[in-house]
Structure formats: structure tokens, C-alpha cells
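Q: First the structure, then my questions, so here it is.
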Amino acid sequence: MRGIIMMEEQTFNVFESRIVPKHEIINDEEKAEILLKLNATLANLPHIEQEDPVAKKMGAKKGDVLKITRVFDGEPLYFYRVVA
């Protein structure tokens, strides 16, 4: 059909959106530090699905921990999600 674009044909870079905060996969050393600081295990962290558009675009694998940086009133706040 003319004029109709199928959504699966569209490409959208989630990292170019202003509303998507900075995401990064942290290394094992930083992961251990965060878990120790939070007195937590991976099971205690909130999850993000491996098929989430950001996780997928980053190539995040199950068990990876993403550090999400949001800025409020000019100050960075960090959130962590384990890839499920």
C-alpha cells in the first residue's frame, strides 16, 4: 500500500532521544563494588529485559548490570538494573 510504512521497517536510535538517560554496562569490578555498597545481590536489583530497546541496542547480556545516569537539578543520580 502506498503511504503506509510498516513499523518493523523503521529504525530508531534510542540513544538520540533526549528522554532516554545515559545507560552503560558496568564491569565486574564496579558491579561487585555496587553490590557491596548496596548490601545486595543481583537478585535484589530491579530488572531490565534483554529485549528492552536500550539493552538490546547496547548488546547487554543476561546478568549484565546497567548503570543509568539521570540528572536532577544539575546533579547526577545513578540507578542500576540487572539484565534478565
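Q: Examine region 57-69 for a residue that is of a type in the set (Lys, Arg), modelled with pLDDT under 95 and surrounded by 13 or more Cβ atoms within 10 Å (Cβ to Cβ), and state whether such a residue exists.
A: yes
Q: Then there's this: How about region 27-38: which of its residues are touching a Phe, Trp or Tyr at 6+ places or on another chain (Cβ under 8 Å) and assigned to a loop (DSSP other than H, G, I, E, B)?
A: none
Q: Being under 18 Å from Asp28 (Cα atoms), assigned to a loop (DSSP other than H, G, I, E, B) and either more than 10 Å from the chain's Cα centre (by Cα) or not aliphatic (A, V, I, L, M) (or both) is the filter here, so list the residues in region 51-84 that pass it.
A: Gly59, Lys61, Lys62, Gly63, Asp64, Ala84
Q: List every residue pair whose Cβ atoms lie under 9 Å apart, where the two residues are 6 or more positions apart in sequence or sit on different chains, the first residue falls within region 71-84 and is surrounded by 11 or more Cβ atoms within 10 Å (Cβ to Cβ), and the second residue, located anywhere, is β-branched (Val, Ile, Thr) and part of a loop (DSSP other than H, G, I, E, B).
A: Tyr80/Ile26
The values are calculated or read from the model by the stated rules, or taken from the named source; none is laboratory data. Given the structure is predicted, the values throughout are model-derived calculations rather than measurements. A quick note on method: Cβ atoms are made from the backbone with ideal geometry, for glycine too, and the neighbour counts reach across all protein chains shown.
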